[in-house]
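Structure record follows, encoded as structure tokens.
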Amino acid sequence: MARVLIIEDDIYQHSLIEKAFKKASPEEELIFTTNAEEALNILREQNIDIVFVDYILEGMNGLDFIKEAIASGYDIPMILMTAKGSEELVIKTIKAGAYDYIIKDVEYFKLLPQICRKAIESYRILKEAKTFHRILLNLSDHLFEITRLLKELNSSLNVESTTNTFLEGAIKISGATGGVLALSEEENLIRVVKRGIEVKEDRLYELIKTENNSFVIENPEEARLGIQIINIEKMLYYPLNVSEKIKGCLLLAFQSKEEPSDEKMIILELFIDAAMASLMNSFLFENVLASKKLWQLTVDAIKDIILVINHEGTVIRCNRTFAELCGFSPEEIVGKKLYNLDIPEPYNLCLNLSMNKEKDILTEEVNLNEKIFLLSIFPVKLDNEDARIFTLKDITEMRRLREQLYYSDKLASIGRLVSGVAHELNNPLTGIIGYTELLKMKVKDEDILHSLDKIYQSAEKCRSIVENLLTYSRQRPPENTLIFINDLIDSTIELRIYWLRQNEVRIIRDYGELPPIKGDPQQLQQVFLNILMNAEYAVKEAGRMEKIIEFKTYYDKEQNKIIVKISDNGTGITPDVLPKIFDPFFTTKPVDKGTGLGLSITYSILKQHGASISVESTPGEGTTFTVELPVT
């Protein structure tokens, strides 16, 4: 049942409207008034679902009423009723913020019940769409924040840095007042990080031992945590299983009884899962470092450089690798001054640098001649003489492999985040699309149908974005239907034809005769759309008089592949940026112009289709993307 406020100064019209509603929609509650001032009081005192207001009233007219009501924050459909319609009045009505207007002909009141129902339902759907759009933007902002935190977590595989970033990120995402992150190994707490709150450490250890599931602490004082901060109304507890031996917990404290929104909880749980991987890696990395140091001190038959020198720079001992590097046997090296040896580059540079270090204990990475060395210095007592052990290891390849490990872990974390967010968005999207289709079958009014089409198209676009996110996280296999690539490119260009014309971009189509291929048309269209949008941005930024984007296709019979070349005369890509363009979340565009997902999704889609993509670019001249699609 809806509450309908009708502002009409003709009392006779009241009875006619009331009879029409009783006959067509008896469940609606009608509230009548003859002037706009009284109507504003009714809005303040009662919950009204829709307003019909006559244009001509004593005192404040209908348009002024609508402006006043909207300025006061009333978010309901308001429909203007007028005896005479004109283009000028229509414009004024729209500018005032009215939802619609009605011409008061002889029997207009008979249409009011139907218009009332349609307006209320359409307005509700529109509000839901706006709410969903707002949620999507918030999730996007949170996703950027989580990506930044994960990058910070993975940049340093240090337990102290990782735990600090872990806790600070959880507090920021959840909106908590403070929090505690505690880790225990066997019978001891090995690390406790606190922010804005103090708790009893023995109680933390009890929780870690007994609680294996997340839960809400409704009465923190009764939980015997010994909290030393006032007004804590609620706490969230999350168990952390770092490894078989290392367990932990995360406690988040709130000064409000209200729990964080479902949106924040989803983001928080996704962040905790991703941050746990970084925490596990930090412990593993510390163990590796400890083992590595022990290994370097005890093993003498390795290929790394190891030598011991005294405070005067005389070689006391060395391993065979260092001796052969200098062209001597180990026995011939001993007793010689380090600076008198003919040590080839870049080793001599590295060792000479190390001799000037004032610290006795040192482990650092040195970059020389495009190679990376791990240099370690340790003080020892050798034959009652102070000395230093030098180890020099070429870790260029190790660094490359380690960066690949970090990159793979980052991709896995982002994939889990994207998959979780996409699945959560699918549910409300299905409802919006389904109800919009039902309304389209019931509604005959062309204006309302046009509005419903806009809602439907917007929801479909959102669903397409969600499907692309799922594609990126490998949650959906591609379809396998026949595709004509030239037609697919044409339909892709049509999607951007308005913006291309606005930016005065000329499209050149140089199509060859192509056989059909099998694949997912929606995903391949997304590939060409992503490349087209990047090209459009590049030619726009270049600021040339003539902006050109060319699509060239041909069939390579020898390779049995379709070749698609997309070229532009835009700004081009610099050599330092070129290797990174397919990395997730890497972008050179401003924050509000791109997310850095387009080309990474493109690469993922083409890989699933057994296709490949390459790029050639000259800074200041333009870029060419080449897509090779197998014909099966």
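The values are calculated or read from the model by the stated rules, or taken from the named source; none is laboratory data. A quick note: this is a predicted structure, and the numbers were derived from the prediction, not measured. Neighbour counts are summed over all protein chains in view; Cβ atoms, including those assigned to glycine, are modelled from backbone coordinates with ideal geometry.
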Worksheet item: Can you tell me which of 417, 401, 429, 425 is at pLDDT below 75 and surrounded by 14 or more Cβ atoms within 10 Å (Cβ to Cβ)?
Response: 417
Discussion item. Quick check on my filter: what residues within segment 116-133 are touching a helix residue (DSSP H, G or I) at 6+ places or on another chain (Cβ under 8 Å), modelled with pLDDT under 80 and charged (D, E, K, R)?
Written reply: 128
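Let's see how each residue does on (1) loosely packed, with under 14 Cβ neighbours inside 10 Å; (2) modelled with pLDDT of 80 or more:
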| site | (1), (2) |
| --- | --- |
| 181 | no, yes |
| 204 | no, yes |
| 219 | yes, no |
| 223 | no, no |
| 228 | yes, no |
| 244 | yes, yes |
| 250 | no, yes |
| 254 | no, yes |
Worksheet entry | segment 277-315 - residue that is in a loop (DSSP other than H, G, I, E, B) and modelled with pLDDT of 70 or more and, of those, nearest to residue 151 (Cα to Cα) | 304
Fill in: Pick from segment 363-382, criterion in contact with a strand residue (DSSP E or B) (Cβ under 8 Å, 6 or more places away or on another chain) and of a type in the set (D, E, K, R), ranking: modelled with the highest pLDDT
381
Discussion item. Step by step: first the residues of segment 486-508, then only those that are assigned to a helix (DSSP H, G or I), more than 29 Å from the chain's Cα centre (by Cα) and acidic (Asp, Glu), then the one that is farthest from residue 543 (Cα to Cα). Which residue is that?
Written reply: 487
Worksheet item: What about residue 471, is it surrounded by fewer than 16 Cβ atoms within 10 Å (Cβ to Cβ), β-branched (Val, Ile, Thr) and at pLDDT below 90?
Response: no
Practice prompt. Please enumerate the residues belonging to segment 512-524 that are more than 10 Å from residue 481 (Cα to Cα), surrounded by fewer than 19 Cβ atoms within 10 Å (Cβ to Cβ) and modelled with pLDDT under 90.
Written response: 522
Discussion item. Please go through segment 78-98 and give me each residue that is surrounded by fewer than 21 Cβ atoms within 10 Å (Cβ to Cβ) and not β-branched (Val, Ile, Thr), ordered by number.
Written reply: 83, 84, 85, 86, 87, 88, 89, 92, 95, 96, 97
Worksheet item: What are the pairs, 6+ residues apart or on separate chains, where a residue within segment 604-628 that is small (Gly, Ala, Ser) has its Cβ under 7 Å from a residue that is assigned to a strand (DSSP E or B) and buried (at least 21 other Cβ atoms within 10 Å of the Cβ)?
Response: 611/627; 611/629; 617/623; 622/568
Response to the item:
Inside segment 55-77, the number of residues satisfying the requirement of being surrounded by 19 or more Cβ atoms within 10 Å (Cβ to Cβ) and either closer than 15 Å to residue 115 by Cα or of a type in the set (Ser, Thr, Tyr) (or both) is 3
Worksheet item: Quick one: in segment 1-24, which of the residues that are surrounded by fewer than 19 Cβ atoms within 10 Å (Cβ to Cβ) and of a type in the set (D, E, K, R) is nearest to residue 38 (Cα to Cα)?
Response: 9
